[in-house]
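Data block below; observations after.
The values are calculated or read from the model by the stated rules, or taken from the named source; none is laboratory data. If you're wondering where the values come from, they're calculated on a predicted model, not measured in any experiment. Here the Cβ is made from the backbone with ideal geometry for all residues, glycine too, and neighbour counts use every protein chain on show.
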Amino acid sequence: MKNAVSKITAVIVLVYISAVMIFILFGKGNSNIMYGSSCRKKHCISVSDVMYGSFTEYFTELTANRLPVRSRMIAAESRLKSAMNESVVNGVCVDSRMLLDAEVSDRGSVSKNAHTINEFCGKYKGAVYFAAIPTSSGVYESYLPEYIRKNPESMQISSLYSELEGNIREIDAYNILKMLNENYIYYRNDTRWTSYGAYCVYRTVIQKLGFSPVAYDKYTINHVTDDFRGNLYARTFYSRVRPDIIDIYRYTEGARIISCTGYDNDMKSYAGKLYDKSFIDSGNMYDMYLGEKRPLVKIRTTVNNERRLLVIKDSFADCFIPFLTQHYSEIDIADPAYMEGSIVDFVDPGSYEQILFLFGIDSMDDENLFDVLVNTPEERKVE
């Protein structure tokens, strides 16, 4: 009798595991949740992945994203820990006001990225500006548990700036945002700033670049959605924090967009948009800004000054770019996270009067992010 029960139990377990495996491999996953900028490129499984262990990491992540009960389990854990006054869930500090990244103090050194940026800018004769943007955890660090504050983003930004050399001009975004932290400058469910937060820093950045900012009251603000759940919510499914608002700022009396063109790594062109509202109905609402991610986007405007700007950026810049369109005839936007090879395969940095780096300080944790700035075409071929 015991053997029969054991066999039946084994069959049931085997069937369950098989069903879960089929769902994992062929299911659609949580497509309605925005997972943030870390989900950048599709992963292709290779023999080396299996041999050297990266397949295990990939499979674990895939399993977590595909299991149908995942969101409910994590949400229950978030509520339970909150009730027990344990505030950190999946590396996120949960609070009724907003969610914050609790892994701030675990980030690595910025030295390698600073060295790479210095090497790139040492070959460029024009003016270079660097705006390192704090995440919400940097501006609202007082909400974080005391033990997490040992390496605050203000120190990380200062460390980066202290290592930048030559003609690189640093822009202090941290203190601007810290001073305005009682305003809606950051999303409650995402690490990134709102369009208003971006506008507040834009006023300083554009003056450094030699222009007068467009006054706030010149813009018409359209609330596109009030149901945005961002990258921090995707890690906790903590629903006691209100969803966020995504805005579009339009200056109807100002310059217009002539064209917005995206390019892939083969320099194949695609029609783009400054605001692609189709993403509001997707799991990646923030991608409404500039639309589908490409290594290069070229924007042409009706501004008649023949000024060209190269922006090298991460996703923090996506809602910032529209403000720049009132000041330049041409803006080229390069995203190293999506580039293969070298930046010179896409643009000639020496042809721009100005270059603006705009990155969240959390991106500096990726030590290889800026390698495309110094890789030559010959090195790309070797790779």
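The residue list Arg188, Arg192 contains one member that is closer than 14 Å to Phe359 by Cα, touching a residue at least 24 places away in the same chain (Cβ under 8 Å) and in the same structural domain as Asp348 (by TED's automatic domain parsing), which is Arg192.
For the condition of a type in the set (D, E, K, R), within 21 Å of Asp227 (Cα to Cα) and in contact with a Lys or Arg (Cβ under 7 Å, 6 or more places away or on another chain), Arg188 qualifies. Annotation: of all residues in region 258-271 being of a type outside the set (Phe, Trp, Tyr) and in a strand (DSSP E or B), the one that is farthest from Ala102 (Cα to Cα) is Ile258.
Taken over region 150-172, residues that are under 21 Å from the mean Cα position of the chain (by Cα) and without any contact (Cβ under 8 Å) to a residue 40 or more places away in the chain amount to 5.
In summary, Phe228 fulfils each of the numbered conditions (1) of a type outside the set (Ser, Thr, Tyr); (2) under 25 Å from Tyr338 (Cα atoms); (3) modelled with pLDDT under 95 with the single exception of condition (3). For region 112-155, a residue qualifies if it is hydroxyl-bearing (Ser, Thr, Tyr), closer than 17 Å to Lys313 by Cα and either out of contact with any Asp or Glu (no Cβ under 7 Å at 6 or more places or on another chain) or assigned to a helix (DSSP H, G or I) (or both), and the qualifying residues are Thr116, Tyr129. The residue pairs whose first member lies in region 259-282 and is under 25 Å from Ser342 (Cβ atoms), whose second member is in a helix (DSSP H, G or I) and among the acidic types (Asp, Glu), and whose beta carbons are closer than 9 Å, counting only pairs six or more residues apart or on different chains, are Asn265/Asp345; Met267/Asp345. Only one of the listed residues (Thr191, Thr204) is more than 17 Å from the chain's Cα centre (by Cα) and either crowded, with 19+ Cβ neighbours inside 10 Å or not hydrophobic (A, V, I, L, M, F, W, C) (or both). That residue is Thr204.
Ile299 satisfies every condition listed in (1) among the aliphatic types (A, V, I, L, M); (2) within 17 Å of Arg192 (Cα to Cα); (3) touching a Cys at 6+ places or on another chain (Cβ under 6 Å) except (2). Counting only residues that are assigned to a loop (DSSP other than H, G, I, E, B) and touching a residue at least 60 places away in the same chain (Cβ under 8 Å), region 283-305 holds 3 of them. I'd like to know if region 112-124 contains one or more residues that are surrounded by 23 or more Cβ atoms within 10 Å (Cβ to Cβ) and at negative phi. Yes. Just one of the numbered conditions (1) among the hydrophobic types (A, V, I, L, M, F, W, C); (2) touching a residue at least 40 places away in the same chain (Cβ under 8 Å); (3) part of a helix (DSSP H, G or I) is not true of Val372: (2).
Among the residues here, Ile280 does not qualify as within 26 Å of Tyr219 (Cβ to Cβ), part of a strand (DSSP E or B) and of a type outside the set (Gly, Ala, Ser).
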